1. Could you please find all residues in the range 168-206 being crowded, with 17+ Cβ neighbours inside 10 Å, of a type in the set (Gly, Ala, Ser) and out of contact with any strand residue (DSSP E or B) (no Cβ under 6 Å at 6 or more places or on another chain)?
2. Being over 30 Å from Ala138 (Cα atoms) and in contact (Cβ under 8 Å) with a residue 40 or more places away in the chain is the requirement here; does Asn265 meet it?
3. Is there a residue being in a loop (DSSP other than H, G, I, E, B), closer than 24 Å to Leu367 by Cβ and in contact with a strand residue (DSSP E or B) (Cβ under 6 Å, 6 or more places away or on another chain) anywhere in the range 404-416?
4. Report every pair of residues separated by at least 6 positions or lying on different chains whose Cβ atoms are under 9 Å apart, first residue within the range 196-220 and farther than 14 Å from Thr230 by Cα, second loosely packed, with under 13 Cβ neighbours inside 10 Å and hydroxyl-bearing (Ser, Thr, Tyr).
5. Among the residues of the range 423-436, are any within 30 Å of His337 (Cβ to Cβ), touching a Cys at 6+ places or on another chain (Cβ under 6 Å) and not acidic (Asp, Glu)?
6. State which residue is nearest to the chain's Cα centre (by Cα) when the search covers only the range 327-383 and only residues that are in a helix (DSSP H, G or I) and among the basic types (Lys, Arg).
7. Could you tell me which numbered condition Leu449 fails, if it satisfies all but one of (1) at pLDDT 90 or above; (2) farther than 20 Å from Asp347 by Cα?
8. All but one of (1) under 20 Å from Tyr429 (Cα atoms); (2) of a type in the set (Asp, Glu); (3) touching a strand residue (DSSP E or B) at 6+ places or on another chain (Cβ under 9 Å); (4) surrounded by fewer than 20 Cβ atoms within 10 Å (Cβ to Cβ) hold for Glu381; state the number of the condition that does not hold.
Amino acid sequence: MQADRLAADSASDAALAAARNAVLDRLVADAPLADILTDVVRRLEALEPEMRATVLLVDATGTRLMTGAAPSFPDYYVRGVDGMSIGEGQGSCGTAAFRRAPVIVSDVSRDPLWAAYPKSGPKVGFRACWSFPFYDNAGKVLGTFAVYFAEPRERDERIVRLIEGFSGLTALAVQKVRASTALRQAAAIIASTRDAIVITDLTQRIVSVNPAWCTITGFAAEASLGRAFTDFLAGLQHGEHQTEIWGHVAQNGHWQGEIWIRRKNGALYPLWSSISPVHDEHGAPHHYVFVMTDIGKLRESEAQLERLAHYDPLTGLPNRLLAQSRLAHAIEQAAHHHSQVGVLCIDIDHFKTINESLGHLAGDELLCGIGQRLAAALRHEDTFARWAGDEFLIVIENVGSPDELARLAQTLIERTQAPFTLGNGQSVYLGASIGIGLYPQDADNAALLLQHTDTALHQAKAQGRNTYCFFTETMGQRAQQHLELGRRLRLALERGSFTLHYQPKLDVRTGRLIGCEALLRWDDPTCGLTQPERFIPFAEESGLIVPIGAWVLETACRQARQWLDEGRAPLKMAVNLSARQLWQADLPERIGAILAHTGLPPAMLELELTESMIMGQEAEAVARLGQLRAMGISLAIDDFGTGYSSLSYLKSLPIQVLKIDRSFVRNIPTDRHDMEISAGIIALARKLNLQVVAEGVESAAQLAFLSEQGCDAYQGYLYSPPLPAERFATLHPPVAAADGH
């Protein structure tokens, strides 16, 4: 009996040794783990024919078991076992993995651990199941090695020792294959990553590099191995910086930060680096790993964003933000050194007209050309910026005297006057208006100096353009008055402080009242009655004329309708139209809505516009006025003779009335020239079949002359000044009252 046991043990040891050698051979041959585990299981089953075996492996979550090898079990059983939960009562294997101890169930039909699987044993043909967990070197459960018997089977120490031997062999195979797989994956990751990875020994001698290092630095692996890592660093990374880095590694176990390397071609290049030590099994460092991310592109992108933030993309000049920053810095320096700073604001005259007529591409080409010309007249240290649209700004430091700025402004104007030849061969002629401000005379800070320089620019434009103008205190006061005027105008519009007066228009031959002109009046609570010539130009410039004009139009139409409803004879209501209103895209729709809202027939409305509103845009004017005329509205040219009087536009525009400006009527009959001009306008109107209205008639002699020449209608103080609606109504009683009924 003893001899039989010894012989069996000897056979088991020999089989285990053979299995171990086979496993090692397969590991060296890099065989798949499933093949190795299947071979181990078959060798065990060969030793004990009445026994079948399986290997289950813990999955990545650590909560379930998956089949590693089960060559003697049907597929349906394998599929049923896959995904078994690790826990108490989960059969022999789930419980063994949970307890971290062998679980020997002699009879699965009676053991509570198998209560959840009552049909598994009979269906597959086993009654006993012994399960043994196996572990890695750190004591972590890797899986279970289980054996099954067809009949109930109590614990047998000989078989237990055999299973323990084979489960240990299984643990070896699982660990080695997984380690090998992990190494291959790590190697593949290191080789394929775009981050540079360098491994050094404790003296920082390079022992390994990945392809990304070679790509970024330009050095082949052979040229890097064995060299000190510091050999590749830029000079600025040595000394105290190196001491700081390695001190941080020693104290915290890692370091992160930006380093600069010198590439093979000598160029410096930024990398974001992470340095960490690699420890041995005793916790002692034996290598360092450098992981470096290429941030060169990031730095380039940051530089591009920085440029976009501070430079104009079209001209390449500093933009408004950078110019303001430099001006503020220049003023700080000037305050410290008691010097002067000059600011020139340059506006290209009539650029908008050229841009609209030739197209935006030509406009962009012009702006670039202007920028290059003006820049050539400046010093390297001067700031030359594109301020906005067609405006440029120059900041001059250490100005000796205002004369220097005047000479520079004149030079810049002359440079813009020379013709520009576009890419298509077309020549363009421009000019420039320049406003000049000086620190500290004109302002003590950048914002105020820019404001005053802009005021000077507007003064240069008002003086006829193509000139320069210095800021003066008077200009500043005027600008402040404009701001205050704008505030009061907006308040007047909100509070309904405007009123309309109506100047009668009479037939020259009969003296009959035939119409009136609505004239805007503003009795400001602060400044009293404000003349239209004071606030209308500002309203035009600021854009307030649009809402004001809309109010005037609706109020006049409503008043005309009211007089009509009161039984008074129909009168043609004349309303002045501003340039901004005329070129509103939806003007016809706006006027149509007002007529519909007030109920005034279109034939009773006459819109007055000036020649200057049309000049340069004759084709557009023909289309726009045609739309208004098609609505049944009359159209009149106001102040005729004071602008660009042209037969061509008179012939093509759908107008019905010419109004002789009061400046030609005022000196009749004492001024022969005014008489001839007035007579000529009337004769021209007759030829073109237009009605003529004379403005500013104040004497009977003037009226007599106009009547003699054939003028159709007049208005002026001879008959009546402009009157409020209630006083005008006394001149225009209801028809019944006028007839005496």
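The values are calculated or read from the model by the stated rules, or taken from the named source; none is laboratory data. If you're wondering where the values come from, they're calculated on a predicted model, not measured in any experiment. Ideal geometry is used to build each Cβ from the backbone, glycine not excepted, and the neighbour counts take in all protein chains shown.
1. Ala173
2. Yes; evaluated as a whole, the condition is true for this residue.
3. no
4. As it stands, the answer is Ala196/Thr215; Asn210/Ser192; Pro211/Ser192; Ala212/Ser192, since those pairs meet every condition given.
5. Yes: one or more hits.
6. By that ranking, first place goes to Lys352.
7. Every listed condition holds for Leu449 apart from (2).
8. Against the list (1) under 20 Å from Tyr429 (Cα atoms); (2) of a type in the set (Asp, Glu); (3) touching a strand residue (DSSP E or B) at 6+ places or on another chain (Cβ under 9 Å); (4) surrounded by fewer than 20 Cβ atoms within 10 Å (Cβ to Cβ), Glu381 comes up short only on (1).
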